[in-house]
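Trainee: Dropping the structure in here first, questions after.
The values are calculated or read from the model by the stated rules, or taken from the named source; none is laboratory data. What you are looking at is a predicted structure, and each value in this text was computed from that prediction instead of being measured. Glycine gets a Cβ as well: all are built from the backbone with ideal geometry, and neighbour counts include every protein chain shown. Accessible surface is based on the protein model in full, side chains and every heavy atom, while ligands, DNA and RNA are left aside. Shrake-Rupley method; radii C 1.70, N 1.55, O 1.52, S 1.80 Å.
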Amino acid sequence: MKTISMTARVRGQQLSLQSLPLLSEDTEGVTLQVQFSSRWEAFPEKYATFWRDGDQPVALPLVEGTAEVPPSVFKDETPFYLHITGRNGKTRFFTHQICGRFVTRE
């Protein structure tokens, strides 16, 4: 059983993946770790939203910049989209979306 980490960086509204490791057959979990610029300090609630074309988005609360990615997202090699949302009361702040793909090494 193995858990791997994917990492991302957010500077203002720019989101970039820093690492998206290859999965293996014994990968049981994937953790998303996001590093935020100081602009995001004004947003105590942060969410990572994953989706694929035609699927419902999955919003994951980021606790101290970290969230567990559901298996429905990482067990499929179909490309996914990701963006980050910050909330402070009724105020929301978004990054642009990025596209990635989990790959299982053979």
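Trainee: For Lys46, go through the lysines and keep the ones whose alpha-carbon is under 21 Å away, minus same-chain ones fewer than eight residues off.
Mentor: Lys46 reaches Lys90.
Trainee: Okay, moving on. Taking the Cα centre of the range 1-68 as origin, sum charge times position over the Cβ atoms of Lys and Arg (+1) and Asp and Glu (-1), and report the length of that vector in debye to the nearest 20.
Mentor: That gives a dipole near 380 debye.
Trainee: So, one more: Tell me what the chain gives for mean residue ellipticity at 222 nm when only DSSP H runs of n ≥ 4 count, each as -39,500 (n - 2.57), the sum divided by the residue total, rounded to 500 deg cm²/dmol.
Mentor: Details: 1 runs with 4 residues, N = 106.
Value at 222 nm, helices only: -500 deg cm²/dmol.
Trainee: Probe radius 1.4 Å, ligands and nucleic acids ignored: give me the carbon and sulfur share of the accessible area of the chain as a rounded percent.
Mentor: Working: 2940 of 6300 Å².
Percent of accessible area from carbon and sulfur atoms in the chain: 47.
Trainee: By the scheme Lys and Arg +1, Asp and Glu -1, what is the net charge of all other residues having a beta-carbon under 14 Å from that of Ile98?
Mentor: +4
Trainee: Give the aspartates and glutamates whose C-alpha is closer than 13 Å to that of Lys75, dropping any in the same chain fewer than 8 places away, or say none.
Mentor: Output for Lys75: Glu25, Asp26, Glu28.
Trainee: Mind checking which of Thr31, Gln18, Ala42 is farthest towards the positive end of the chain's charge dipole, using Cβ charges of +1 (Lys, Arg) and -1 (Asp, Glu) about the Cα centre?
Mentor: The one lying farthest along the dipole's positive direction is Ala42.
Trainee: Moving on to the next point. Report relative contact order for the chain in percent, whole number only (criteria: Cα-Cα under 8 Å, sequence separation at least 6).
Mentor: 29 percent
Trainee: For Ala59 and Glu41 in one chain, what is 0.36 nm times their gap in residues minus the Cα-Cα distance, to one decimal in nm?
Mentor: So the chain would gain 4.5 nm between Ala59 and Glu41.
Trainee: What does the net charge come to around Pro61 if you take all other residues with beta carbon closer than 9 Å to its beta carbon, with K and R at +1 and D and E at -1?
Mentor: On the way: positive: Lys46; negative: Glu45.
Combined, the nearby Lys, Arg, Asp and Glu give 0.
Trainee: If you don't mind, another one. Can you tell me the accessible area per residue over the range 35-106, all protein chains present, probe 1.4 angstrom, in square angstrom?
Mentor: 62 Å²
Trainee: Ignoring everything but the protein chains, give the 1.4 Å probe accessible area of Arg101 in square angstrom, nearest 10.
Mentor: We get 110 Å² for Arg101.
Trainee: Could I ask something else about it? When the C-alpha atoms of the chain are aligned to their principal axes, what extent does each axis show, in angstrom, from largest down?
Mentor: 44, 27, 19
Trainee: For Thr7, what accessible surface area do you get with a 1.4 Å probe? Give it in Å², rounded to 10.
Mentor: 40 Å²
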